[in-house]
Amino acid sequence: MSRADAPLTGRRVLVAEDEYLIASEVKRWLLAAGSEVLGPVPSVDKALDLIEARRPDVAVLDVNPGAGDDAYPLADRLGALGVPYLFATGDVRLADTSIYRDRPRLEKPFLARELVRALTAILAESRA
């Protein structure tokens, strides 16, 4: 597949993930899908700074991106900006948090094709 045919070509994707190996793989997968990757960033504060500097088209958020934080303040800011996002997590408690329960989510571990398919779908929904 050429970069022009890649499903996320021209899309700016924020990745908030504190696990180095996961973050590296996600970045590699997203680059292969044609996107520009913002990050990965290991904390909510760094992610918030980054989205103010360079607004993403879509985001992948680890629910617990380090330093004892959760990604909900980041999710709230992205929502206020109209930026679609998904949670990439192994944290099953997400389903118990009422305002985030219906957000798209990928459970870790996930595959490259699952990530790209999910991001493509939420981008399409946000345009509808």
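Here are some notes:
- Under a Gaussian network description of the chain, with springs only between Cα atoms under 10 Å, the residue in 88, 118, 75 that fluctuates furthest is 118.
- Counting only the Cα atoms, the chain fills a convex hull of 97 Å³ per residue.
- Set of region 9-29 residues, backbone N closer than 14 Å to the point 7 Å along the Cα-Cβ line of residue 126: 9-16
- Cβ-placed point charges (K, R +1; D, E -1), dipole of region 1-52 about Cα centre in debye, nearest 20: 300
- Of all accessible heavy-atom area on region 25-128, the percent that carbon and sulfur account for (1.4 Å): 50
- Sequence of 31, 14 from largest to smallest accessible area, 1.4 Å probe: 31, 14
- Exposure rule at most 16 other beta-carbon atoms within 10 Å, DSSP loop trypsin sites (Lys or Arg not before Pro): the chain longest free segment: 1-53
- Whole-number percent relative contact order across the chain, with pairs defined as alpha carbons under 8 Å at least 6 apart: 23
- Gyration tensor verdict on region 1-63 (Cα atoms; rounded if a/c is under 1.5, prolate if a/b is larger than b/c, oblate otherwise): oblate
- Each Lys and Arg contributes +1 and each Asp and Glu -1, all at the Cβ; summed about the Cα centre of the chain, the dipole is approximately 520 debye.
- One decimal place: the segment residue 28-residue 55 gains 7.7 nm when fully extended, by the rule 0.36 nm per residue minus the C-alpha distance.
- Between residue 113 and residue 19, the simple spin-label model (points 7 angstrom out along Cα→Cβ) gives 2.2 nm.
- Using a Gaussian network model of the chain in which every pair of alpha carbons under 10 angstrom is joined by a spring, one finds that among 79, 66, 39 the greatest mean-square fluctuation is at 79.
The values are calculated or read from the model by the stated rules, or taken from the named source; none is laboratory data. All figures in this text were calculated on a predicted structure; none of them were measured in a lab. Don't worry about glycine lacking a Cβ; one is built from the backbone with ideal geometry, like all the others, and counts go over all protein chains shown. For accessibility, only protein heavy atoms count, side chains too; no ligands or nucleic acids. Shrake-Rupley method; radii C 1.70, N 1.55, O 1.52, S 1.80 Å.
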